[in-house]
Amino acid sequence: MNRRLAGLAAGLAVLLAGPALAVGTAFQQTWHADQAGLPGARAAGQTGSGVKVAVLDSWVDGAHPDFEGRVLPGADCLQASCKPGPAASDACDHGTHVAGTVASSSFGVAPGAQILPVRVLSFNPTSGQCVGRPDDVAAGLRWAVENGARVINLSLGPDVPGLSVSSAIPSAVESAARAGVLVVFSAGNASLPIADSYGDSALIVAATGPSGELATYSQRGAGVDLAAPGGDPRTPNVCTREDCVTSLFPGGRYSVAAGTSMAAPHVSGVAALLFGQDPTRNREQVVARLLDTARPLENAGRGRVDAQAAVGASVVPATQPSIAPAPVAVPPPGEPAPAPAPPVDAAPAPAAAPPAAPGQPVPLPAEVAAPAPIPPAQVPAGTALLAGALVLSAGVGTVVAARSRP
């Protein structure tokens, strides 16, 4: 499985600055949950309970109420030396979004799983980016294996210069596989093609949009093993719950984002469901189950992941009522972001607040072009979508200043 992947292009994220959902909020119906077959898996009682999923990324806000205490202390692996304990917070919010897709109560694939956060990316105030080093990633992989991870998610790429040519990465991935650990990488967003090798034992995940087809920006073809929901904005510079992936944001808040970074944790979460369903399963059996039950999709390896089919569920829950969200307005660069959400114990807002006054949109690179119109997806009634600020990522996990930072 020699990987020839494209470099990661700019991604898209929008902060939902509305009230936080209450602790213990029920699973929220979204287009990406439906597409990945999560309602059926949940109806069958599969949650990935007790399975450790390591998220090698930026810091994770383990105090976010939607994790309900399932984030472990983890480690900070900067400078290729892993120090056990929670990593210090910084301006990077990508890790929290990715971890939320794996295991948050409201939007997680495996809400019973435990997150093992391993920081390998940190904020560089000079460049305004969240970056890391290959040696840090390799050290993080080894630490995660030594500390009980069954699945390791890596939604990163050019944030780590030299990752694609570092021999330390495939070596660490192979070591993880020999230890029975499944390693999942995001495929990358379309950019200049580069040679990329993560080793024969890594699963590489492309992104799909609400239509179920590959997202316009996603890497595809040779080297991709599976696809999963990653979002695909249908209007330039506007990311909504209709077409992007909803997950967590530091400080008890929520955000929507698009990218293969959002796709990989869907697969990691389904892997956690399989390990949780039968703890005696080994890595090879879980990989086979993921591949064999995927829905065929051209240029996406074995196809799009299907959680319901993977766990063998036959129960299909009734569709919940839904409302269509309003687009998120984009303020001009330099203007402040909307006010932070109130405390999590505040009563959730029953409806969306008026959008912020539209301003000059922040231009997206050509690689993240708007796709053709997509039919509206279902959004749970009563979920407030408030105006947010557009945030561009120069690479998955890299945030460029377009709003004030928490």
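Below is a table of values for the structure above.
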| read-out | value |
| --- | --- |
| Test: residue in segment 104-123 that is in a helix (DSSP H, G or I) and touching a residue at least 60 places away in the same chain (Cβ under 8 Å) | no |
| Selection count where residues are hydrophobic (A, V, I, L, M, F, W, C) and more than 20 Å from V286 (Cβ to Cβ), scope segment 205-227 | 4 |
| Identity of the residue in segment 143-167, surrounded by fewer than 19 Cβ atoms within 10 Å (Cβ to Cβ) and either of a type in the set (G, A, S) or farther than 24 Å from G259 by Cα (or both), that ends up farthest from the chain's Cα centre (by Cα) | S167 |
| Matching residues in segment 1-54 - criterion: being assigned to a strand (DSSP E or B), within 20 Å of A99 (Cα to Cα) and at pLDDT below 90 | G11, L12, A13, V14, L15, L16 |
| Residue match in segment 125-133 (condition: small (G, A, S), surrounded by 20 or more Cβ atoms within 10 Å (Cβ to Cβ), part of a loop (DSSP other than H, G, I, E, B) and at pLDDT 95 or above) | no |
| Breaking point among (1) at pLDDT 95 or above; (2) buried (at least 20 other Cβ atoms within 10 Å of the Cβ), for A179 | (2) |
| Pairs with Cβ under 6 Å, 6+ apart, first in segment 151-163 and among the small types (G, A, S), second surrounded by fewer than 24 Cβ atoms within 10 Å (Cβ to Cβ) | G162/P134 |
| Per-region count, segment 62-91, residues at positive phi, touching a residue at least 12 places away in the same chain (Cβ under 8 Å) and assigned to a loop (DSSP other than H, G, I, E, B) | 3 |
| Set S268, S247: member being in contact with a His (Cβ under 8 Å, 6 or more places away or on another chain) and in contact (Cβ under 8 Å) with a residue 12 or more places away in the chain | S247 |
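The values are calculated or read from the model by the stated rules, or taken from the named source; none is laboratory data. Every value quoted in this text rests on a predicted model; they were computed, and no experiment measured them. When we count neighbours, we look across all protein chains shown, and the Cβ atoms used for this are built from the backbone with ideal geometry, even at glycine.
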